[in-house]
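Engineer: Got a structure here, written out as structure tokens. Questions coming.
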Amino acid sequence: MTVAATFEIRFTRYLDPTGREAAPLPSFAADARALLPDYRAMVFMRALDAKAIAMQRTGQIGTYASTLGKEAIDAGIGAVLAPNDVLLPSYRESGILMLRGVSPHRTLLYWGGDERGNVFPESPHDFPFNVPIASQMPHAAGVAYAMKLRREPRVALAMCGDGATSKGDFYEAINAAGAWKLPMVVVVVNNQYAISVPRRMQSAAQTLAQKAIAAGIACEQVDGNDLIAVRDAVGRAVELARTGRGPTLLEALTYRLSDHTTADDATRYRSADELKEQWKEEPILRLRSWLHAKGAWSPTDEQALAKDAQMHVQKMVQAYLDTPPPGSEQMFEHLYARLPRQYQSQVAELTQQEERDVEHHAG
Amino acid sequence: MSSITLVEAVNLALSRAMEDDDRVVVLGEDVGINGGVFRATAGLQQRFGAERVADTPLAEGLIAGMAVGMAAEGLRPVAEIQFAGFAYTAIDQILNHAGRLRHRTQGRLSCPMVLRTPCGAGIHAPEHHSESPEAMFAHIPGIRVVYPSSPAKAYGLLLASIADPDPVVFLEPSRLYRRFKEEVEDDGEPLPVDQAFIAREGTDVTLVAWGAMLYESLKAADELAGDGHFAEVIDLATLKPIDYDTVLESVKKTGRCVVVSEAPRTASLASEISANISERALLSLLAPVERVTAWDTVTPMFRLEERYMPNAARIVGAARKVLEYQ
């Protein structure tokens, strides 16, 4: 008998669901007021999310993937990453991108069916939203490899969901990250559902974090509804990666309080009781309760913030609505650095068709 | 100037590119100390170090996906897939990411990567080692597909592919890896992509081919010349985008065309080229365009591969058919 590995999975939680301290707080949380920017960001994320769903319902944007319930994860990661690190998001990380300076109207543009939603002038190295599940994981390994090769103290942080951990790309990437000791952090947002398939049907593994053990890399679980825990765990993982001490896989435990997307109806596969129970764990109320208890936040502050958030959301909606629609030629622009001459006939065909369409409508 | 094989020319171009540009990184299975199963990367790791010539874990999707990440982050990765038959899991990354990254970020990120892989039949290799997937790659928007046919073309076109600001799938005919030597000057000069080459001038029929099929076509042209028919032979070289200017100019001159490909016929590049000629040069045609291709079967194991791939005799047969068309 050879004991190759025995393991315990560390689980980090500082605030219980009611906002009471469950463990001695890390130093960045010593002054509760220092976490107010994170709290404000979380409230704004939720306000924008509600607006985006309303806009989908009224036909102003297309199918939209809600961020409801994962605000602490996004805010915690956003607070920890350095500007020159690289974020490789899935399609649900608009909150992190906002904290990296990307104007949230880009999120509306993206779900409004416009490639300009992936233009992030404020964080130009970050990867675009990624839809094919887990396919961004090998990119993260490549980005981290480039950073390591150039001896840069930077980190590639890739996001994915619980369903993504069943894919080959996920395992191939964490395996490679371990083999090369890459400066890479993977955060699995375990929101308990891959559309309708619950976590227990996704894998017999007791935790998703432990998949890292087969890859020989560090892993932890963290309460994804506890901002302080997310900041702490992600902060430690990013620091390890940045200082050449290897990659980490973090499983952030949360719950998707929304439908998968606006095209989904979660009542088909989960009960109202389950959802009701999960609302008791949600991250914003938890942090607010703690801030209240610390005397760092008041109902008046909350009212002012709600008003502020609405105003800012409205500004973002306006910026989205004010963006002129893309011209058809955009399909060919940026297809190549320079469009090969062979494509000119198709561009001409498109232009002629458009002219005919205009005449047709005029006639 | 030295006389080298096609696989040596690949190696020479990789050395030159790595020497001239620190951003160039080679990655793949067994590319390091082993120098690649065909020796295409022989000596590179000894010369440029294990970080720039990286043996990867055995995962083709990872190799292609890492190259996407490296390229977006400013490197110039040249990834090797050991055989084209194993490239299919990498197609997800090429299709969903490499070819789209520039467009979907509106030019913010780009993907200057090369995915090299040996392909084609004719070397008595095991199952899955003789595939011709060029049409699958050529269907993908936003990438180039380049297919050299000689040592000099491999050298110049690989340098061009590495320097290209967009992703290139570089398909190397394994049947030609050691078939003949050619003088290649290691001058760092790329050959133009997006351009076909006239391999032999002629007046009576145009034969369009690439890779190993070029030599079957040239052999066919010799035989046809014996009958007094002069075939013009085009080496397509870049399969996406195709240089139709050269093809159409030739067809307008000869009025007859045979497209030769060792990939299966249905939805093939031979079909695509034939359709383009019909659309754009119908009135110059004196006969319908013929396609000489592999059969619409799975690539057989090697006892039947000679019966699977087109050969000079089949090309001559098709050429005679179009020449005699009334």
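Engineer: Direction-averaged shadow area of the convex hull around the Cα atoms of chain B, nm²?
Structural biologist: Details: hull surface 64.3 nm².
Taking a quarter of the hull surface, the average projection is 16.1 nm².
Engineer: Counting only the heavy atoms of the protein chains, how much of residue A:145 is accessible to a 1.4 Å probe, in Å² to the nearest 10?
Structural biologist: Counting only protein heavy atoms, the figure is 10 Å².
Engineer: Just give the residues from the stretch B:101-116 buried by at least 40 square angstrom of accessible area in the all-chains context relative to the isolated chain, probe 1.4 Å, and say none if nothing qualifies.
Structural biologist: Relative to the lone chain, where solvent access is computed with a 1.4 Å probe, the stretch B:101-116 loses at least 40 Å² at B:102, B:103, B:104, B:106, B:108, B:109.
Engineer: Using a ≥ b ≥ c from the Cα gyration tensor of the stretch B:8-94 (square roots of the eigenvalues), is it rounded, prolate or oblate, where a/c under 1.5 gives rounded and otherwise the larger of a/b and b/c decides, a/b for prolate? Intermediate values should be presented prior to the final figure.
Structural biologist: Working: a/c = 1.82, a/b = 1.24, b/c = 1.46.
Judged from the Cα gyration tensor, the stretch B:8-94 comes out oblate (a/c at least 1.5, b/c at or above a/b).
Engineer: Please give the direction-averaged projected area of the C-alpha convex hull for the stretch B:197-324, in square nanometres with one decimal.
Structural biologist: Values: hull surface 28.8 nm².
Spelled out: convex hull of the Cα atoms, projected over all directions, averaged, 7.2 nm².
Engineer: Given contacts defined as C-alpha pairs under 8 Å and at least six residues apart, what's the relative contact order of the stretch B:213-299, whole-number percent?
Structural biologist: Values: 93 pairs, mean separation 25.3, N = 87.
The value is 29 percent.
Engineer: Top to bottom by accessible area (1.4 Å), largest first, where do B:21, A:357, B:245 land? Before the final figure, lay out the partial values.
Structural biologist: On the way: B:21 40, A:357 65, B:245 90 Å².
Final ranking, largest accessible area leading: B:245, A:357, B:21.
Engineer: Which value results when the Cα radius of gyration for the protein assembly as shown is divided by 2.2 N^0.38 Å? Intermediate values should be presented prior to the final figure.
Structural biologist: Values: Rg = 28.7 Å, N = 689, 2.2 N^0.38 = 26.4 Å.
So the protein assembly as shown has a normalised radius of gyration of 1.09.
Engineer: Which loop chymotrypsin sites (Phe, Trp or Tyr not before Pro) in the stretch A:240-332, with loop taken from DSSP, have no more than 16 other Cβ atoms within 10 angstrom of their Cβ? Spell out each step's value before the answer.
Structural biologist: Values: sites: A:255, A:269, A:279, A:290, A:297, A:320, A:332; in loops: A:255, A:269, A:297, A:332.
Taking the stretch A:240-332 and a limit of 16 other Cβ atoms within 10 Å, the loop chymotrypsin sites (Phe, Trp or Tyr not before Pro) found are A:269, A:332.
Engineer: Are there DSSP H segments in chain B that both extend 24 Å or more along their axis (alpha-carbon positions) and score a mean Kyte-Doolittle hydropathy of at least -1.0? List them, or say none. Don't jump to the answer; show the numbers that get you there.
Structural biologist: Numbers: long enough: none.
None clear 24 Å together with a mean of -1.0.
Engineer: Still on this structure, please answer the following. Grab the eigenvalues of the alpha-carbon gyration tensor for the stretch A:237-363, scale each by 5, take roots, and send me the semi-axes largest first in whole angstrom. List each step's numbers first, then the result.
Structural biologist: Values: eigenvalues 439, 131, 86 Å².
Semi-axis lengths for the stretch A:237-363 are 47, 26, 21 Å.
Engineer: What dipole magnitude, in Debye to the nearest 20, does chain A give about its Cα centre under +1 on Lys/Arg Cβ and -1 on Asp/Glu Cβ?
Structural biologist: Values: 39 positive and 43 negative charges, 201 e Å.
Result for chain A is approximately 960 debye, rounded to the nearest 20.
Engineer: What lysines could a cross-link reach from residue A:294, if we take a straight Cα to Cα line under 29 Å and drop same-chain neighbours fewer than 8 places away?
Structural biologist: In chain and number order, the partners are A:70, A:276, A:280, A:307.
Engineer: Also, I was wondering about something else. Let me check I've understood the local charge: for residue B:127, count other residues with C-beta under 14 angstrom from its C-beta, Lys and Arg +1, Asp and Glu -1. What total comes out? Spell out each step's value before the answer.
Structural biologist: Working: positive: B:303; negative: B:131, B:305.
Result for the local shell: -1.
Engineer: Further, regarding this structure: How big is the stretch A:193-255 in terms of Cα radius of gyration and Dmax, in angstroms?
Structural biologist: Expressed in Å, the Cα Rg and Dmax of the stretch A:193-255 come to 12.9, 39.
Engineer: Suppose only helical runs count, i.e. DSSP H with n ≥ 4. What mean residue ellipticity at 222 nm does that imply for chain B under -39500 (n - 2.57) per run, divided by all residues and rounded to the nearest 500 deg cm²/dmol? Show your work: numbers first, answer last.
Structural biologist: Details: 12 runs with 116 residues, N = 326.
Using -39500 (n - 2.57) per qualifying helix, the result is -10500 deg cm²/dmol.
Engineer: In Å², rounded to the nearest 100, what is the total accessible surface buried by chains B and A against each other with a 1.4 Å probe? Can you show the working numbers first?
Structural biologist: On the way: alone 13530 and 17660 Å², together 27470 Å².
That pair hides around 3700 Å² of surface in total.
Engineer: Just the number, please: percent antiparallel of the DSSP beta bridges in the protein assembly as shown, rounded to the nearest 5. The partial results should precede the final answer.
Structural biologist: Values: 11 of 66 bridges.
About 15 percent, rounded to the nearest 5.
Engineer: If you average 1/r over every pair of different alpha-carbon atoms in chain A and take one over that average, what Kirkwood value in Å do you get? The partial results should precede the final answer.
Structural biologist: Working: mean 1/r = 0.0458 Å⁻¹.
After inverting the pairwise mean of 1/r, the radius is 21.8 Å.
Engineer: What accessible surface, in Å², does a 1.4 Å probe find on residue A:359, ignoring ligands, DNA and RNA and rounding to the nearest 10?
Structural biologist: Number for this one is 130 Å².
Engineer: On to the next question. How would A:232, B:227 line up by accessible area, probe 1.4 Å, largest first? The partial results should precede the final answer.
Structural biologist: Numbers: A:232 20, B:227 80 Å².
I get B:227, A:232, largest accessible area first.
The values are calculated or read from the model by the stated rules, or taken from the named source; none is laboratory data. This structure is a prediction, so every number in the text was calculated from the model and none was measured. We place every Cβ from the backbone using ideal geometry, glycine too, and count neighbours over all the protein chains shown. Surface accessibility is based on the protein's heavy atoms, side chains included, excluding ligands, DNA and RNA. Shrake-Rupley method; radii C 1.70, N 1.55, O 1.52, S 1.80 Å.
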